[in-house]
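Encoded as structure tokens, the structure appears first; notes follow it.
The values are calculated or read from the model by the stated rules, or taken from the named source; none is laboratory data. Fair warning: this is a prediction, and the values are worked out from it, not measured in the lab. Positions of Cβ are generated from backbone atoms using ideal geometry, with glycine treated the same way; all protein chains shown enter the neighbour counts.
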Amino acid sequence: MARLVIMDGNSLLNRAFYALPPLTSAEGLPTNAVHGFLAMLLRIQKEKKPDCWVVAFDKTKATKRIEMYDQYKAQRKETPETLKPQFAYLKEILGAMSVPVLESEGYEADDLIATVTRRAEAEGMEIIVITGDKDAFQLVSDQTTVEMTIKGISTVECYNKDKLFEKYQLKPEQIIDLKGLMGDPSDNIPGIPGIGEKTALKLLWSFGSLEQVLENVDAVPGNKLKALLKEYPEQALLSKKLATMIDQVPIDFQIGDFVRTKPDSEKTLGLLHQYSLSMICRLFEQTLDQDQEGPARSRGPAKSQDRRDNENGKNNRNNKNNQDSQDNQEDNRDSQAGPSYEERILDPGGWLEQISSWMTEKTELVISYRLEGEAAHLSVWNEMGICDQRNTYSLDRTQIDKNVLAKWHELLGSPRVFKIMADHKTLYSALANEGVRLDGLKYDLSLAAYLMNPTRSSYQAAELLSGQADELFFSAAREAGLLAHEFENSRKKLEELGLSSLLHELEEPLSIVLAEMERQGISVDREMLEQIGFELEKKIAVIEEDIYQIAGVSFNINSPQQLGKVLFEQLELPPLKKIKTGYSTDAETLEELAGQHCIVEKILEFRHLVKLNSTYVKGLLGQLRDGKVHTTFQQMVTATGRLSSTEPNLQNIPIRMEEGRKLRKVFVPSRGGWELFSADYSQIELRVLAHYSQDPILCQSFQTGEDVHARTASEVFGVPLEQVTPDMRRKAKAVNFGLMYGLTDFGLARDIRIPRKEAKFYIERYFQRYSGVKKYLNDSVVNAMETGETRTLLNRLRQTPELNHQNRTVRQFGQRIAMNSPIQGTAADIMKLAMIRVDEAMKGLEANLLLQVHDELLLEVSARALPEVAQIVKTEMESALLLTVPLQVDCKTGVNWCDMGKYHI
DNA sequence: AATCTCACG
DNA sequence: ACGTACGTGAGATTT
């Protein structure tokens, strides 16, 4: 079956523009979007080997749709100035490459795509549409698949009928009904106000089409929904029409016009050179080499490629080095910055010999890697680059036999072959999926870079090399070569900054502990979670009705904008706080308004329940795999040294509110006869503050084991300990908390709802009594101003450029950072140290570390091993670091993460 | 992509 | 007079 690829020029160029950093040619012309588009085009050429292809563009205005609806795309922002000219550059290059371009006055790219698709279907072709616009889902058929770019352009999701049904439980032709009901804000298509994706989907599942919904309005559940459908039927029908791709555009073409033909290589290379697109040059040359083999004759069905970004990021699977391209390598090297190594190409026998020799010689290897698949714990490597300090090598998984693979895996698992790489944890996780335990880590360049500057936004290999090479994409082999060079710089600088032991004794060992925790995962009781969701939805539906009743209108309560209109315009409540976009409707504001109108508390309750349902029930269910969720602990995100947790975030599971707390019941041990065990540091940050400040009262509080907050209340309010009331203690507790954040009267007043004057008074009293704390905090700021940085007890660094900023608010922020970072960071150091020691001490016992929540460790333990494990965990945590005040750890056990009782040791 | 809101320590 | 507590991540809406 002949294969046709149709690319949506507008959609993809836009995507590429926003996904890539600004790039310019030697003459200063913007080229980032062109670069992205061409990289994608060449990749498609290589992967799909299409017989025919064409790129469709919008032409001027979408007049056909504006005739129907004058507001169509009315509020869309002007195309950025740096993007506009790139359309012309792209078309110029496509011309040279002999890639057909299609455009037609008055029609959008969408319509042209639909028209070509239908015609090609009639001719019995296989069609692949590539776009970032979900409207295209309506084209999916037995012959047509849609590849949707997600998150930028490097990743695509391939939709056939089955995949589409899996995602929406809709047929392709129902996509326009969906748009008709929910609208599309990006095109200013209205849909029906108050109906979002969820409601629209439910309606379509029941009724099949928009028309059917409208005909059977009376059978629709819910009065407000009925009312909405009765109020806006025309708007919905118009929206559907607008979303429908026109597949009968009167345009003169033959599919034969799109047959892939030889590019004008000379002209293309000239243009690519003119626009300084050196990487594209190389890719283009590779395709020239390949195409000499001629187009592929037979192939299987289109493969589904469901890929998401992994931590290896946007460079993933770009620029695989081709074996035929040695000549190019030579050419490129001269034009590229950075050190160069010879890339060597090996055959299977050569590989076996080379790997053996690395193993016997115990060479240090710098390794780069490309992964494929979803999150790291589900992914597998597909290419590695190796630098042995003399040469570089590229190991392409698809081109090696199983003997080489086994030998290479043996090397990776060997503690005697030392490895240098960026982001060891991600590779460790990927290899663990194949039963390989990566060992012999000598230096993790990413962790090192994080320690040297913890506020960067990325520590991926490509980012670490941005100073050395001017390319956007590297081959794995070249990346390894560059990393080898970077290693020398990094190691020297790390040593100078006094961070080497923090790297080798803390972060690197911890990365393995974390990878194993992620891999272990935590069991979730799916049925219970679904039941909780069911009940939340019932409650939400009732409150929702109440709110519409009281307000007298239906609206989307989740939209702060619409909610603001109802509350502050229609119901004329006083707007207490303003934000950029209008009225603030956050909980703090609403709580103040609660007395004035009964709708307010309903809204608060609604928000609360919706949050629990969408973030925790729905979100968690979406992450469940075989009864478990596997978080990813981010080790290089926070500015202070803490960990963070993503996909899902298991560090913010509700606990403060009773209703939310119940969600913790769904977290259970993974085996019968085991229990959950939680150990948390009591007041660790205040203890760190006591240690740092050596304040006599604070130290005494911890040394005698008294109630610190009560003691603070007694000092601040000037009453004996026995006369401290619960309210006094509450306020004192807030002061103690605030201290570590760089207390202000404003913040304290807001937090505990007292007049600012009163807050100011408390703070003054506090610092009179705790003068050691005052002095310490002051010294912290002075020291940070002098050195430009803060340090924790384990020497963890955070730069404080904010202190020199011209804006006063930023400088004040810098002061609070200087006060807070050593405290929060030291607490993080202690916990990390404890984790390594606990992990080590528990080897061989029936217990698994599951989660870290900043000052808490959660484990699962067999009942039999519990006493021993509890003792180990408590002891290791409390003795992780010796402070002048004791560290105290409280332990609990239970059958789930909610119902836990104190565990006495 | 940016904003708002809210969950945690 | 001004903007204000430290550190995070995710979902929904809007642009």
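Residue by residue, here is whether (1) farther than 30 Å from residue A:21 by Cβ; (2) within 13 Å of DNA strand C (Cβ to nearest atom); (3) assigned by TED's automatic domain parsing to the domain that holds residue A:547 holds:
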residue: A:128; (1), (2), (3): no, no, no
residue: A:144; (1), (2), (3): yes, no, no
residue: A:149; (1), (2), (3): no, no, no
residue: A:160; (1), (2), (3): yes, no, no
residue: A:176; (1), (2), (3): yes, no, no
residue: A:188; (1), (2), (3): no, yes, no
Within region A:650-667, the residues that are more than 12 Å from DNA strand C (Cβ to nearest atom) and either in a loop (DSSP other than H, G, I, E, B) or acidic (Asp, Glu) (or both) are A:655, A:656, A:657, A:658, A:659
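To keep it simple, each residue is scored yes or no on (1) within 16 Å of DNA strand B (Cβ to nearest atom); (2) more than 19 Å from residue A:694 (Cα to Cα); (3) modelled with pLDDT under 95; (4) not in a helix (DSSP H, G or I).
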position	(1), (2), (3), (4)
A:819	yes, no, no, no
A:823	yes, no, no, no
A:827	yes, no, no, no
A:836	no, yes, no, no
A:839	no, yes, no, no
A:843	no, yes, no, yes
I'm trying to understand the selection: among the residues of region A:580-599, which are at pLDDT 90 or above, among the β-branched types (Val, Ile, Thr) and either surrounded by fewer than 16 Cβ atoms within 10 Å (Cβ to Cβ) or away from DNA strand B (no atom under 11 Å from the Cβ) (or both)? A:599
Might you let me know whether region A:875-891 holds any residue that is closer than 20 Å to residue A:518 by Cβ, crowded, with 22+ Cβ neighbours inside 10 Å and within 32 Å of the chain's Cα centre (by Cα)? no
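Check whether at least one residue in region A:609-631 is of a type in the set (A, V, I, L, M), farther than 20 Å from residue A:538 by Cβ, surrounded by 19 or more Cβ atoms within 10 Å (Cβ to Cβ) and more than 30 Å from the chain's Cα centre (by Cα), and report yes or no. Quick ask: steps written out before the conclusion?
As a first pass, look at region A:609-631 and keep what is of a type in the set (A, V, I, L, M): A:609-610, A:612, A:617, A:620-621, A:624, A:629.
From the residues that got through so far, the ones that are farther than 20 Å from residue A:538 by Cβ too are A:624, A:629.
If we keep only those that are surrounded by 19 or more Cβ atoms within 10 Å (Cβ to Cβ) as well, we get A:629.
After this cut, where a residue has to be more than 30 Å from the chain's Cα centre (by Cα) as well, the list is none.
No, every residue in region A:609-631 fails to be of a type in the set (A, V, I, L, M), farther than 20 Å from residue A:538 by Cβ, surrounded by 19 or more Cβ atoms within 10 Å (Cβ to Cβ) and more than 30 Å from the chain's Cα centre (by Cα).
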Is at least one residue of region A:864-878 at pLDDT 95 or above, touching a Lys or Arg at 6+ places or on another chain (Cβ under 6 Å) and either within 16 Å of DNA strand B (Cβ to nearest atom) or in a helix (DSSP H, G or I) (or both)? yes
Return yes or no: is residue A:796 among the basic types (Lys, Arg), under 35 Å from the mean Cα position of the chain (by Cα) and either at pLDDT 95 or above or more than 11 Å from DNA strand C (Cβ to nearest atom) (or both)? yes
Residues in region A:737-756 that are over 22 Å from residue A:776 (Cα atoms) and more than 16 Å from DNA strand B (Cβ to nearest atom): how many? 4
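Quick one: is residue A:265 modelled with pLDDT of 90 or more, among the small types (Gly, Ala, Ser) and either under 18 Å from residue A:37 (Cα atoms) or over 37 Å from the mean Cα position of the chain (by Cα) (or both)?
On the way: modelled with pLDDT of 90 or more: yes; among the small types (Gly, Ala, Ser): yes; either under 18 Å from residue A:37 (Cα atoms) or over 37 Å from the mean Cα position of the chain (by Cα) (or both): yes.
For residue A:265, the condition - modelled with pLDDT of 90 or more, among the small types (Gly, Ala, Ser) and either under 18 Å from residue A:37 (Cα atoms) or over 37 Å from the mean Cα position of the chain (by Cα) (or both) - is met.
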Which of (1) at pLDDT below 95; (2) away from DNA strand C (no atom under 13 Å from the Cβ) is the odd one out, the single condition residue A:808 does not satisfy? (2)
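Could you pull out every one of the helices (runs of 4 or more DSSP H) wholly within region A:168-217 that has 1 or more residues that are touching a Ser or Thr at 6+ places or on another chain (Cβ under 7 Å) and surrounded by 15 or more Cβ atoms within 10 Å (Cβ to Cβ)? Break it down stepwise before answering.
Working: elements: A:175-182, A:197-207, A:210-215.
So the answer is A:175-182.
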One residue is enough: does region A:614-632 have a residue meeting the conditions near DNA strand B (Cβ under 9 Å from one of its atoms) and modelled with pLDDT of 95 or more? yes
Which numbered condition residue A:805 fails, given (1) touching a residue at least 60 places away in the same chain (Cβ under 8 Å); (2) out of contact with any strand residue (DSSP E or B) (no Cβ under 7 Å at 6 or more places or on another chain): (1)
Would you pick out the residues in region A:123-147 that are over 16 Å from residue A:197 (Cβ atoms) and not in a loop (DSSP other than H, G, I, E, B)? A:126, A:127, A:128, A:129, A:130, A:131, A:136, A:139, A:144, A:145, A:146, A:147
Let me confirm something: among A:713, A:759, A:734, which residue is away from DNA strand B (no atom under 16 Å from the Cβ), within 22 Å of residue A:693 (Cα to Cα) and among the small types (Gly, Ala, Ser)? A:713
Would it be correct to say that residue A:719 is in contact with a helix residue (DSSP H, G or I) (Cβ under 8 Å, 6 or more places away or on another chain), more than 16 Å from DNA strand B (Cβ to nearest atom) and not assigned by TED's automatic domain parsing to the domain that holds residue A:587? yes
Are any of the residues in region A:668-681 near DNA strand B (Cβ under 9 Å from one of its atoms) and either surrounded by fewer than 17 Cβ atoms within 10 Å (Cβ to Cβ) or not in a loop (DSSP other than H, G, I, E, B) (or both)? yes
Identify, please: which residue in region A:356-365 is modelled with pLDDT of 95 or more and either outside any helix (DSSP H, G or I) or within 36 Å of the chain's Cα centre (by Cα) (or both) and is, among those, farthest from residue A:384 (Cα to Cα)? A:364
For region A:710-758, which positions are within 16 Å of DNA strand C (Cβ to nearest atom), assigned to a helix (DSSP H, G or I) and aromatic (Phe, Trp, Tyr)? A:737, A:746
Of everything in region A:748-774 that's without any contact (Cβ under 8 Å) to a residue 12 or more places away in the chain and within 22 Å of residue A:813 (Cβ to Cβ), which residue is surrounded by the fewest Cβ atoms within 10 Å (Cβ to Cβ)? A:756
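If the requirement is being at pLDDT 85 or above and either surrounded by 20 or more Cβ atoms within 10 Å (Cβ to Cβ) or aliphatic (A, V, I, L, M) (or both), which of these qualifies: A:253, A:258?
Details: A:253 fails: either surrounded by 20 or more Cβ atoms within 10 Å (Cβ to Cβ) or aliphatic (A, V, I, L, M) (or both).
Step by step, each of A:253, A:258 is checked, and only A:258 is at pLDDT 85 or above and either surrounded by 20 or more Cβ atoms within 10 Å (Cβ to Cβ) or aliphatic (A, V, I, L, M) (or both).
Step by step: first the residues of region A:803-817, then only those that are in a helix (DSSP H, G or I) and in contact with a helix residue (DSSP H, G or I) (Cβ under 8 Å, 6 or more places away or on another chain), then the one that is surrounded by the most Cβ atoms within 10 Å (Cβ to Cβ). Which residue is that?
Looking at the filtered set, the residue picked out is A:817.
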Failed condition for residue A:790, given (1) within 26 Å of residue A:853 (Cα to Cα); (2) touching a strand residue (DSSP E or B) at 6+ places or on another chain (Cβ under 9 Å); (3) of a type in the set (S, T, N, Q); (4) part of a helix (DSSP H, G or I): (4)
Any residue at all in region A:656-669 that is at pLDDT 95 or above and at positive phi? no
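Taking region A:631-649 on its own, how many of its residues are on the phi < 0 side of the Ramachandran plot and either in a loop (DSSP other than H, G, I, E, B) or away from DNA strand C (no atom under 16 Å from the Cβ) (or both)? I'd like the intermediate steps shown before the answer.
Filtering region A:631-649 for residues on the phi < 0 side of the Ramachandran plot gives A:631-640, A:642-646, A:648-649.
From what is left, the residues that are either in a loop (DSSP other than H, G, I, E, B) or away from DNA strand C (no atom under 16 Å from the Cβ) (or both) are A:631, A:635-640, A:642-643, A:648-649.
Looking only at that region, the number is 11.
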